[in-house]
1. Which residues, counting only those in the range 61-88, are of a type outside the set (S, T, N, Q), surrounded by 15 or more Cβ atoms within 10 Å (Cβ to Cβ) and farther than 30 Å from residue 46 by Cβ?
2. Considering the range 89-105 alone, what residues qualify as being surrounded by 13 or more Cβ atoms within 10 Å (Cβ to Cβ) and over 13 Å from residue 72 (Cα atoms)?
3. What residue, among those in the range 9-43 that are over 18 Å from residue 70 (Cα atoms) and polar (S, T, N, Q), is surrounded by the most Cβ atoms within 10 Å (Cβ to Cβ)?
4. Quick check on my filter: what residues within the range 89-142 are in contact (Cβ under 8 Å) with a residue 12 or more places away in the chain and part of a loop (DSSP other than H, G, I, E, B)?
5. Please find, within the range 78-132, the residue that is nearest to the chain's Cα centre (by Cα) out of those that are farther than 21 Å from residue 21 by Cβ, of a type in the set (A, V, I, L, M, F, W, C) and modelled with pLDDT under 90.
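The values are calculated or read from the model by the stated rules, or taken from the named source; none is laboratory data. Bear in mind that the values here come from a model prediction, so they are computed numbers and not experimental data. Positions of Cβ are backbone-derived with ideal geometry, glycine not excepted, and every protein chain shown enters the neighbour counts.
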Amino acid sequence: MIQRIQTVYFIIVMLLLSSLLSGVEIFGFPTAKNYLSYSVYGIQQFKSVASAPHGKAENIQGSLLFYFVIVFVLFTYYAMMNYKNLKKQFRLARLVMLIYLIGLVLLLIFGSAGLLVSNAVGIQLGWGYYICVVGLPFSYFAFKGVKKDKEILESLDRLR
């Protein structure tokens with residue numbers, strides 16, 4: 001199983017998404033008085049921009065993104081472990097890629113349109129956003145690897 005390249009890509013996607021659970025900031029919203037930080041745990045409020053990484057945070061709102069990340073990591077693991085049933089793994093890999101793409105687009109829309117915070121002066125992209133973007137090509141590469149294995153298996157079936 002580990003000798004297949006799509007397994008490595010699935011593991012990279014799971015590691016990148018799991019790193020979001022460490023509380024990495026996805027978006028930062030400076031306001032007139034405060035600094036709001038959005039991570040998978042929700043929106044946290046800091047007293048000023050300078051105290052944002054070090055100061056004490058006050059949770060304003062929780063987030064469903066935390067549960068989505070956990071479920072999506074488990075779903076990616078399930079797709080990776082279906083290596084014995086290649087047709088099912090192909091469908092699951094395609095679904096992983098599409099859900100990842102849709103989730104990334106929704107995250108971008110909600111963050112940049114100001115739907116998360118209404119009184120923000122601007123928006124700052126955090127490390128979490130870049131981690132999410134980097135994971136998308138790896139989910140695509142995993143899908144292409146499963147597709148290649150499926151095509152090889154189908155060509156061998158035709159030879160028999």
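1. 75, 79, 80, 83, 86
2. Keep residues of the range 89-105 that are surrounded by 13 or more Cβ atoms within 10 Å (Cβ to Cβ), which gives 89-97, 99-101, 103-104.
Answer for the range 89-105, where residues must be surrounded by 13 or more Cβ atoms within 10 Å (Cβ to Cβ) and over 13 Å from residue 72 (Cα atoms): 89, 90, 91, 94.
3. 37
4. Scanning the range 89-142 gives 116, 117, 119, 120, 121, 122, 123, 126.
5. In this case the residue turns out to be 109.
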